1. Per residue, how many Å² of accessible area does the chain show with a 1.4 Å probe?
2. Which one, Cys24, Asn173, Ile76, is farthest towards the positive end of the dipole of the chain when Lys and Arg carry +1 and Asp and Glu -1 on their Cβ?
3. In square nanometres, what is one fourth of the surface area of the convex hull spanned by the alpha carbons of segment 57-106?
4. Would you work out the relative contact order for the chain, in percent, from Cα pairs under 8 angstrom that are 6 or more residues apart?
5. Using a 1.4 angstrom probe on heavy atoms only, work out the carbon and sulfur share of the accessible area of segment 22-198 in %.
6. Determine, for the chain, the count of lysine pairs separated by eight or more sequence positions (or lying on different chains) whose alpha-carbon distance falls under 22 Å.
7. So if the hydrodynamic radius of segment 22-198 is defined as the Kirkwood radius over C-alpha pairs, what does Stokes-Einstein give as its diffusion coefficient at 37 °C and 0.692 mPa s, in µm² per second?
8. For a quick check: with amide H placed at 1.01 Å from N, whose amide H comes under 5 Å from His185's, ignoring anything fewer than 5 positions away on the same chain?
Amino acid sequence: MQTHPYRCQHCSLALPDQRSCPDCTEQALHLNKIVAAFDYTHPLDSLLMRYKNGLQFGLAPAFAELLYRQLQYLQILPITNSCLIPVPGSRSSLVRRGFNPAAEFAQQLGKKLQLPVEHFVLRRHEHHLKQSSLSRQARRAASAGLYYCSRRIDIPHAILVDDIVTTCSTLDNAAQALRAAGVQHIDAMAIARTPDTFI
Ligand SMILES: [Zn+2]
């Protein structure tokens, strides 16, 4: 991830100065830490768009490698006794893209970290609004109750995997569903973190 003088220790958001993070101060998060491979800025943003919208699956191992290096840099490897849980996309985006970018990335990351991937435990309700055009506050409201788990998962630790973190609200709601199903501690990993200026 690009070096940046100020970054939220909790969610990796690049900050303009030492001010507190808008994503982590306004709400009590249900997850411990979010790590991303890189910031969602030029030129890597276009690579991610090619992956998501251009069916370039071959980029997933490279993204997993970049995240692996970031985890090495942060000295949080090895990770044991955990599993990866991809954030499910909406049915319409699955039909449009033909795959779930978060799930494909989780599969590659699982190989790299030697952790199992649980693909079907976290589910998404289908009645929610498309989030990409909403403000931070509207996203938080729209994603409340968006996810649920299909069964109990009594495990001490799990890692949510997503493609792009725009605000923490989506991941936090997914974490809330995992907590309700029995997971005690939850972290999250993503390919990219959107800088605050994009919102
Ligand atoms: Zn933060």
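1. For the chain, the per-residue accessible area is 49 Å².
2. Asn173
3. Working: hull surface 16.2 nm².
Reported value for the Cα convex hull: 4.1 nm².
4. Numbers: 353 pairs, mean separation 56.4, N = 199.
Value for the chain: 28 percent.
5. 53
6. Number of lysine pairs found: 5.
7. 202
8. Here His157, Ala158 satisfy the definition.
The values are calculated or read from the model by the stated rules, or taken from the named source; none is laboratory data. Please read all numbers here as calculations on a predicted model, not as lab measurements. We place every Cβ from the backbone using ideal geometry, glycine too, and count neighbours over all the protein chains shown. These accessible areas exclude ligands, DNA and RNA; they are computed on the full protein's heavy atoms, side chains included. Shrake-Rupley method; radii C 1.70, N 1.55, O 1.52, S 1.80 Å.
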